[in-house]
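Chemist: Can you read through this structure? Questions will come right after.
The values are calculated or read from the model by the stated rules, or taken from the named source; none is laboratory data. Keep in mind the model is a prediction, meaning the values are calculated, not measured. Cβ coordinates were reconstructed from backbone atoms using ideal geometry, including for glycine residues, and neighbour counts include every protein chain displayed. Remember, those area values only see protein heavy atoms, side chains included, never the ligands or the DNA or RNA. Shrake-Rupley method; radii C 1.70, N 1.55, O 1.52, S 1.80 Å.
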Amino acid sequence: MSSPERVYSYSATLMGSPILLKLFEDNQQAARAVFRLIKQLEDLLTVNREHSQLMNVNHAAGRHHVVVSEPVFELISQAKAVSLLPDSCFNLTIGPLVKRWKIGFHGDQVPSLSDIQSLLPLTQPEKVQLAPSSCSVFLEQAGMEIDLGAIAKGYIADRVRDLLRQMGIDHALINLGGNVLTLGSPQHAMQNAWGIGLQKPFGMPDELLGTIEVVGKSVVTSGIYERYFEQNGTIYHHILDPNTGYPLNNELLSVTVISDDSIDGDIYTTLLYGMGVEKSLCYLSTLPHIEAIFVTKSGEVILSSQRQFRFTLLDTDYHLA
Ligand code: AMP
Ligand code: MG
């Protein structure tokens, strides 16, 4: 019989990221089911290939409605609602700008101002028409493109959690490359919480700024060091400001959100990133289920209320504010 304290790790590369599943039993079948589910959802939601349900919607922009499956419809609806929040920097129709910048992909370079200005009118969330009765989506203007890159992993992590629970697994960790979701506590006599590493911005991949301890929570980080390029000494990163068409520029290096659901973590990392620290802390005081860690360019680590996590700072280049 296997010891309950032993950790079994399973890995795969999906969605362009290393995926890690940790269980406390040797259960290859569960791991295979998890990776199959991730692949199925990726196949529906990706915009990095010519074909997916989402790409069918994009290809039909300005022409006709496209019927999509329920999860895709649900996710697009949620992304539209978040995009329409007052002062939201989240914009599900950011696709044309993301494609033009190609940040983190071959050939990335700063587009001309006239290119950016010509693409901005294509990023209008209110022009995403949703017909719930037929589960169909229509982009009103030719050239519009939905990009769910900011929330797809969060959504998928939550579906993995549902699947693990259905299989009777209550203690596990899934890491979708930046989105970590934990089920219960680690089944380990010496460890009553999961320790999740927060990467040091622009450090080596295994260099940690600190650790975040949680039980049964999602931990999602959005950082400008995750995908970027440098041109003439300026860093251009992958979170774009829908008002200007350029990368969001403020005091932040990263935002980490601790929440129950990973979709919330994914939505709020982007929203809070756009708000900056001061506004975010004010906003978070009205959201008891969402907590956050901000890392600033001046080396400060700022924590919201800490009901759902414990943070330990490890790197001396940074200090707790
Ligand atoms: P994340 O890794 O969750 O921070 O999401 C970053 C990804 O979201 C980018 O690579 C783009 O695909 C997409 N994205 C960039 N800017 C925005 C934005 N303002 N609103 C929504 N999605 C965005
Ligand atoms: Mg996100």
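Chemist: Conditions: (1) within 23 Å of Lys153 (Cα to Cα); (2) out of contact with any Cys (no Cβ under 9 Å at 6 or more places or on another chain); (3) of a type in the set (Ser, Thr, Tyr). Tyr283 meets all but one. Number of the miss?
Modeler: Condition not satisfied by Tyr283: (1).
Chemist: Considering only the range 191-215, state which residues are open to solvent by 30 Å² or more (accessible area, probe 1.4 Å), farther than 19 Å from Glu251 by Cα and either in contact (Cβ under 8 Å) with a residue 24 or more places away in the chain or not in a loop (DSSP other than H, G, I, E, B) (or both).
Modeler: Gln191, Gly195, Gly197, Glu207, Leu208, Thr211, Glu213, Val215
Chemist: How many residues are open to solvent by 30 Å² or more (accessible area, probe 1.4 Å), under 22 Å from Leu240 (Cα atoms), assigned to a loop (DSSP other than H, G, I, E, B) and not polar (S, T, N, Q) if we restrict to the range 39-97?
Modeler: Summing the residues that are open to solvent by 30 Å² or more (accessible area, probe 1.4 Å), under 22 Å from Leu240 (Cα atoms), assigned to a loop (DSSP other than H, G, I, E, B) and not polar (S, T, N, Q) in the range 39-97 gives 5.
Chemist: Take the residues of the range 129-157 that are outside any loop (DSSP other than H, G, I, E, B) and open to solvent by 10 Å² or more (accessible area, probe 1.4 Å): which is farthest from Asp260 (Cα to Cα)?
Modeler: The selected residue is Phe138.
Chemist: What are the residues in the range 231-248 that are not in a loop (DSSP other than H, G, I, E, B) and not polar (S, T, N, Q), if any?
Modeler: Ile235, Tyr236, His237, Leu240, Pro247
Chemist: Restricting to the range 137-160, give me the number of residues that are touching a Phe, Trp or Tyr at 6+ places or on another chain (Cβ under 8 Å) and either away from ligand 1 (no atom under 16 Å from the Cβ) or acidic (Asp, Glu) (or both).
Modeler: So the count comes out to 1.
Chemist: I would also like to ask the following. Looking at (1) under 20 Å from Ile146 (Cα atoms); (2) of a type in the set (D, E, K, R); (3) part of a helix (DSSP H, G or I); (4) open to solvent by 40 Å² or more (accessible area, probe 1.4 Å), which is the one condition that is false for Arg32?
Modeler: (1)
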